[in-house]
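The values are calculated or read from the model by the stated rules, or taken from the named source; none is laboratory data. Quick caveat: nothing in here was measured; it's all calculated off a predicted structure. Using ideal geometry, Cβ is built from the backbone for each residue, glycine included, and neighbour counts are taken over all protein chains shown. Keep in mind that these areas ignore ligands, DNA and RNA; they rest on the heavy atoms of the full protein, side chains included. Shrake-Rupley method; radii C 1.70, N 1.55, O 1.52, S 1.80 Å.
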Amino acid sequence: MAVGGTITSVLAWQIEAGADEAVADAPLDRFAVASGRAPPSPEPSPEAASASVAANDLDSLKADFEAFDGCPLKETATNFVFADGSAGARLMFVGEAPGAEEDRQGVPFVGPAGRLLDRMLAAIGLDRSDAYITNILPWRPPGNRNPTDSEIALCLPFIERHIALVGPEVLVAVGGTAAKALLGTREGIMRLRGRWFNYSVPGSDARIPLRAVLHPAYLLRQPAQKRDAWTDLIAIKKQLADPGTPG
């Protein structure tokens, strides 16, 4: 193989793996990454909560969130990824953060995991026009790494207001990161899935049935778990057909 072809292949592989930045604005502590310790992040800013509470509609919330400069991820992401689907939908999905394709297009769940989510919706007779889809974080973490606790804390007031403004009848937390953030728990997704929870909307007495489901990206790696995902989908379909106290 020619040298040029080899270099091109290696670069293509790195991009596909999420290595789309050669340098960063600050040094990265590789020892912290290897040990699982997150590098220091800014403390949650009170501006996040005040901006989100001030938003009375989704357009205002989007503008406030996009203008928010308190989260460092904004500096490394290509696009601000707010939401997709119908704002009037009865069903709302909340994932963790955009991936590489979502960052490029500015739309949540449009990569391989998003295409699987579309097929999951189709399996229960729905499509994107029947759902509203967003993430805890609107900016992609570099290299598709997991969001840090500080990054989640910075963005959580916005997603809480987001949920309140959409007002879905059923809320679905997609993956462990989203489920733990919305439920305020440390339990993993394998313990959380398969159960119904009542999500308390901050600032009101409203309660929304919440179901935690396995992330489509995980299902692509572990197809044997699709049986559990199907069980959750059927439960969601039943809840939409017969609203009430989830069992």
- Query: What lysines sit close enough to Lys74 to cross-link, taking a C-alpha to C-alpha distance under 24 Å and skipping anything fewer than 8 places away on the same chain?
  - Reply: Lys62, Lys180
- Query: For Ala131, which sequence-distant residues (separation of 5 or more, or a different chain) have an amide H within less than 5 Å of its own amide H, given hydrogens modelled in the peptide plane?
  - Reply: Ser86
- Task: Enumerate by residue number the GluC sites (Glu not before Pro) in segment 119-169 meeting two conditions: DSSP loop (anything except H, G, I, E, B), and at most 15 other Cβ atoms within 10 Å of the site's Cβ.
- Result: Glu169
- Any idea how far the Cα center of segment 94-169 sits from the one of segment 199-247, in Å? 15
- Go through Asp118, Asp205 and list them by solvent-accessible area, largest first, probe radius 1.4 Å. Asp205, Asp118
